[in-house]
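Notes to accompany the following structure.
The values are calculated or read from the model by the stated rules, or taken from the named source; none is laboratory data. In this text, all values refer to a predicted model and were calculated from it rather than measured experimentally. Positions of Cβ are generated from backbone atoms using ideal geometry, with glycine treated the same way; all protein chains shown enter the neighbour counts. In case anyone asks, the SASA skips ligands and DNA or RNA and just uses the protein heavy atoms, side chains included. Shrake-Rupley method; radii C 1.70, N 1.55, O 1.52, S 1.80 Å.
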Amino acid sequence: MNSALLQTRDLEIGYRIRRPASAAATHGRRYMDRVVAGHLSLTLRQGELVCLLGPNGSGKSTLMRTLAGVQKALGGQVTLEDREISRMSPKEMARKLSLVLTDRVATGNLNVYALVALGRYPYTGWMGRLSEKDEEVVRHAIESTGIRRFASRHISDLSDGERQKVMIARALAQDTPVIMLDEPTAHLDLPNRIEVMRLLKELARKQGKAVVMSTHELDLALQAADRIWLMGAPGRDGTPADMVSGMPEELVLDGRLEGAFKRNGFEFDRHSGSFRIHHEPEETIGLVGDGAEAYWTRRALERKGFRVVSGPDIPFRVEIRGREDERAWTYVDGRGGVHDCCDICSLIDALEQRRGA
Amino acid sequence: MSVDDTASGGAHPWPRLTLRLPLVMVLLALVVLFFLLDLVLGSVRIPLSSVVSILMGNGSDIEAWDKIVTYIRLPKAVTAVLAGAALSVSGLQMQTLFRNPLAGPSVLGISAGASLGVAMVMLASGSAANAFAIRQLGLGGSWLIVISATLGAACVLLVVLAIAVRIKDNIVLLIVGIMVGNITVSLISIWQYFSEPEEIQDYLIWTFGSLGGVLGNQLWVLAAVIGIGLLVSFAASKSLNVMLLGENYARSLGMSTFYVRVTVIAATSLLAGSVTGFCGPIGFIGIAVPHLTRSILDTSDHRFLMPGVCLMGALVMLVCDIIAQMPGSQTTLPINAVTALIGSPVVIWVIMKNRNLKSSFS
């Protein structure tokens with residue numbers, strides 16, 4: 001289950017751009033390379049779900065395009081099943097690697113089945129007639145993505161989430177060992193995002209596909225990915241981005257994930273594996289209590305600009321009492337006053353009044 | 001989830017990817033019916049039995065009818081079928097290639113190029129009335145118009161193809177095509193500005209379009225060229241289907257978008273260029289018939305749309321020709337005016353009724 005399908009050796013990705021005429025005269029060459037990322041040595045294994053993470057502009061799409069053979073690499077090589085992709089014909093590539101793109105598809109008058117069947121293009125004859133085997137593959141693709149219910153509906157009648165699953169089914173019908181998806185969860189609501197992730201994970205595990213997806217869904221990626229390819233932001237002076245590859249948990253623990261997204265106003269919480277908006281704390285407050293109540297009270301306090309420390313030994317503190325039906329918040333103002341509040345809202349109101357006074 | 005779906009398989013039968021055969025048979029029957037009607041109706045009404053008898057090669061009681069059917073109405077009806085099919089298929093291809101519902105055969109400036117060719121010949125011949133008169137009589141001299149129109153279309157086509165090779169984006173190509181068309185049209189207006197009124201009049205008559213001028217050998221040439229164009233177009237059906245997904249998906253499926261684009265543009269030029277050359281610039285059909293067909297057949301699959309569009313195009317053109325002859329009267333209307341005048345309301349009605357035009361392009 002873990003043979004390497006796709007490998008890159010010292011890959012350099014980016015664009016070849018035309019020099020301005022004046023610069024071309026001095027350098028003697030008309031083109032120059034704008035390197036987006038270099039020294040990439042990556043391995044993609046069978047049955048693995050890889051999430052490609054990185055800030056905007058870090059070259060995720062460029063890497064995907066280069067791996068898919070759509071864009072030429074500036075240096076190094078990409079091998080797919082031990083063959084270099086630059087030596088493969090588009091037809092051969094199409095049988096090894098399928099793509100799910102963010103492009104909107106203008107096929108409203110096609111039904112889902114017909115659209116998924118277009119995935120068989122590399123296998124069918126000149127009129128695109130589907131053989132028994134082709135039909136079987138198409139049906140299997142539709143069933144394993146759970147879209148059989150609307151197989152005869154028109155694409156234009158589908159929701160965004162359903163449409164994304166149809167496009168994944170189309171890639172499946174292409175019957176390739178590698179599937180690459182460009183931000184498949186963008187524009188989807190949370191249940192659909194989770195559904196798509198779950199589906200991709202299942203395809204990797206049950207059907208042995210190697211799946212690469214770019215995404216901005218950090219928490220979902222940390223939960224679902226077998227491996228994360230993390231692209232750092234390119235330096236201000238145009239130095240190409242660094243790239244690290246590793247298990248999600250490893251990347252969190254050794255702080256590399258944090259490093260890639262580091263900006264002012266954000267902070268990464270290694271415990272929860274998510275980013276938080278950074279609030280400059282103005283005042284320290286104590287918190288006594290535990291469970292979900294304590295967690296969400298802490299969140300509310302931090303949002304309002306308090307540095308929260310747990311423990312009863314701070315004179316200015318909030319204490320949570322009771323559970324479920326009979327929750328109560330008490331705050332000790334540190335000047336001898338004790339105030340009872342029945343919910344977080346009134347607690348925050350009381351705290352703000354104190355701050356105003 | 002997949003288990004549930006398998007269990008409920010009975011409730012969700014697999015859709016079949018087949019042509020709606022009854023609809024196509026109806027279309028085919030209508031084409032035959034209107035083809036015969038086109039032979040029957042006109043300034044002189046010839047009974048259906050005589051028409052059939054003439055078609056069978058047995059002749060009829062009245063010799064004049066033989067001549068009218070064999071030398072005038074039959075070539076005109078065949079031209080209508082050919083032109084209708086050719087313009088519709090090229091319109092369909094342009095709409096898919098450019099993913100634009102307003103695209104048609106004239107969008108790449110091919111018709112404008114043909115017009116420029118004709119205009120230049122008329123300018124060169126001084127008084128074009130000679131050339132045009134010969135053409136109206138149906139004698140061999142009209143080859144001049146045909147060849148000049150074809151050359152004009154070919155020149156514009158070469159320019160557009162040269163650009164198509166360099167530009168990767170189809171939308172940019174579409175805009176460039178429209179611009180090239182505009183340049184061509186402006187050259188024609190400059191020519192008109194400096195011309196004698198009689199020359200302009202001849203040219204204007206040509207732009208009204210005519211199905212009646214294609215006779216004898218010309219008809220064979222037109223049929224052969226359109227036959228080749230249609231064959232190439234039919235062969236491109238599979239690739240055009242993939243083009244519906246957009247160029248990026250098409251490339252990821254191993255399709256050479258460059259090759260398909262060049263093929264489709266070449267086929268369109270053969271089809272639209274030859275029809276414009278022989279019949280003048282006939283508008284409307286190329287844009288409207290694909291919409292009409294998509295709406296009625298309710299599919300975007302080109303393997304089914306191609307034959308459907310051919311039949312629908314032939315049918316619409318025959319109906320327009322019958323109306324243009326104003327049966328029972330001695331006058332005829334210009335075909336170009338009839339196609340738009342009669343066709344547009346029909347298309348508006350069908351599209352409003354079915355409401356699936358918009359979804360074809362969204």
### Task
Select the helices (runs of 4 or more DSSP H) contained entirely in the stretch A:252-357, then report the ones holding at least 3 residues which are open to solvent by 40 Å² or more (accessible area, probe 1.4 Å) and over 30 Å from A:His216 (Cβ atoms).
A:344-356
### Verdict on A:Asp82 being away from chain B (no Cβ under 14 Å), open to solvent by 30 Å² or more (accessible area, probe 1.4 Å), touching a Gly at 6+ places or on another chain (Cβ under 6 Å) and at positive phi
no
### Test for A:Arg129: is it at pLDDT 85 or above, facing chain B (nearest Cβ under 9 Å) and open to solvent by 20 Å² or more (accessible area, probe 1.4 Å)
no
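Of A:Asp10, A:Asp33, which residue is open to solvent by 10 Å² or more (accessible area, probe 1.4 Å), closer than 29 Å to A:Asp175 by Cα and outside any loop (DSSP other than H, G, I, E, B)?
Numbers: A:Asp33 fails: closer than 29 Å to A:Asp175 by Cα.
Sole residue among the options that is open to solvent by 10 Å² or more (accessible area, probe 1.4 Å), closer than 29 Å to A:Asp175 by Cα and outside any loop (DSSP other than H, G, I, E, B): A:Asp10.
I'd like the full set of residues that are of a type in the set (Ser, Thr, Tyr) and either assigned to a loop (DSSP other than H, G, I, E, B) or surrounded by fewer than 23 Cβ atoms within 10 Å (Cβ to Cβ) (or both), limited to the stretch B:319-340. Steps first, please.
Of the stretch B:319-340, the ones of a type in the set (Ser, Thr, Tyr) are B:329, B:331-332, B:339.
Within the stretch B:319-340, B:Ser329, B:Thr331, B:Thr332 meet the criteria.
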### Qualifying residue in the stretch B:20-27 (condition: at pLDDT below 85, open to solvent by 50 Å² or more (accessible area, probe 1.4 Å) and assigned to a loop (DSSP other than H, G, I, E, B))
yes
### Query
Could you say which residue among A:Gln164, A:Gln174 is more than 23 Å from B:Asp298 (Cβ to Cβ) and more than 9 Å from chain B (Cβ to nearest Cβ)?
A:Gln164
### Message
For a quick check of your reading of the model, give me the residue pairs whose first member lies in the stretch A:83-95 and is farther than 17 Å from A:Asp175 by Cα, whose second is open to solvent by 50 Å² or more (accessible area, probe 1.4 Å) and not in a loop (DSSP other than H, G, I, E, B), with beta-carbon atoms closer than 6 Å and at least 6 apart or on different chains.
### Response
A:Glu84/A:Gln77
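Could you check, for the stretch B:213-232, whether at least one of its residues is within 14 Å of chain A (Cβ to nearest Cβ) and either open to solvent by less than 30 Å² (accessible area, probe 1.4 Å) or over 29 Å from B:Lys67 (Cα atoms) (or both)? I'd like the intermediate steps shown before the answer.
The initial filter retains those residues of the stretch B:213-232 that are within 14 Å of chain A (Cβ to nearest Cβ), namely B:231-232.
Okay, now just the ones that are also either open to solvent by less than 30 Å² (accessible area, probe 1.4 Å) or over 29 Å from B:Lys67 (Cα atoms) (or both), so B:231-232.
Yes, some residue in the stretch B:213-232 is within 14 Å of chain A (Cβ to nearest Cβ) and either open to solvent by less than 30 Å² (accessible area, probe 1.4 Å) or over 29 Å from B:Lys67 (Cα atoms) (or both).
Considering A:Ser144, A:Ser159, A:Ser152, which residue is open to solvent by 10 Å² or more (accessible area, probe 1.4 Å) and closer than 28 Å to B:Ser233 by Cα?
Numbers: A:Ser144 fails: closer than 28 Å to B:Ser233 by Cα; A:Ser159 fails: closer than 28 Å to B:Ser233 by Cα.
A:Ser152 is the lone residue from the list that is open to solvent by 10 Å² or more (accessible area, probe 1.4 Å) and closer than 28 Å to B:Ser233 by Cα.
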### Summary
Residue hits (the stretch A:94-117; open to solvent by less than 20 Å² (accessible area, probe 1.4 Å), at the interface with chain B (Cβ under 7 Å from one of its Cβ atoms) and either charged (D, E, K, R) or closer than 20 Å to A:Val211 by Cα (or both)) are A:Ala94, A:Ser98, A:Leu99
### Message
Which condition from (1) touching a Phe, Trp or Tyr at 6+ places or on another chain (Cβ under 8 Å); (2) at the interface with another protein chain (Cβ under 7 Å from one of its Cβ atoms); (3) part of a helix (DSSP H, G or I); (4) crowded, with 21+ Cβ neighbours inside 10 Å is the one that A:Arg139 breaks?
### Response
(4)
### Message
Condition check: open to solvent by less than 20 Å² (accessible area, probe 1.4 Å) and within 12 Å of chain B (Cβ to nearest Cβ). Does A:Leu199 satisfy that?
### Response
yes
### Message
Can you tell me how many residues within the stretch B:251-290 are surrounded by fewer than 22 Cβ atoms within 10 Å (Cβ to Cβ) and either within 14 Å of chain A (Cβ to nearest Cβ) or part of a loop (DSSP other than H, G, I, E, B) (or both)?
### Response
9
### Query
If A:Ala225 passes every condition in (1) open to solvent by 50 Å² or more (accessible area, probe 1.4 Å); (2) modelled with pLDDT of 90 or more; (3) more than 14 Å from chain B (Cβ to nearest Cβ) but one, which one does it miss?
(1)
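For the subset of the stretch A:68-79 comprising residues that are small (Gly, Ala, Ser) and part of a strand (DSSP E or B), which member is surrounded by the fewest Cβ atoms within 10 Å (Cβ to Cβ)?
Taking the stretch A:68-79 as the starting set, the residues that turn out to be small (Gly, Ala, Ser) are A:68-69, A:73, A:75-76.
Adding the requirement that they be part of a strand (DSSP E or B) leaves A:75-76.
Working: A:Gly75: 14, A:Gly76: 16.
My answer is A:Gly75.
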#### Entry: Single unsatisfied condition, B:Tyr203 versus (1) away from every other protein chain (no Cβ under 14 Å); (2) crowded, with 24+ Cβ neighbours inside 10 Å; (3) not polar (S, T, N, Q)
(2)
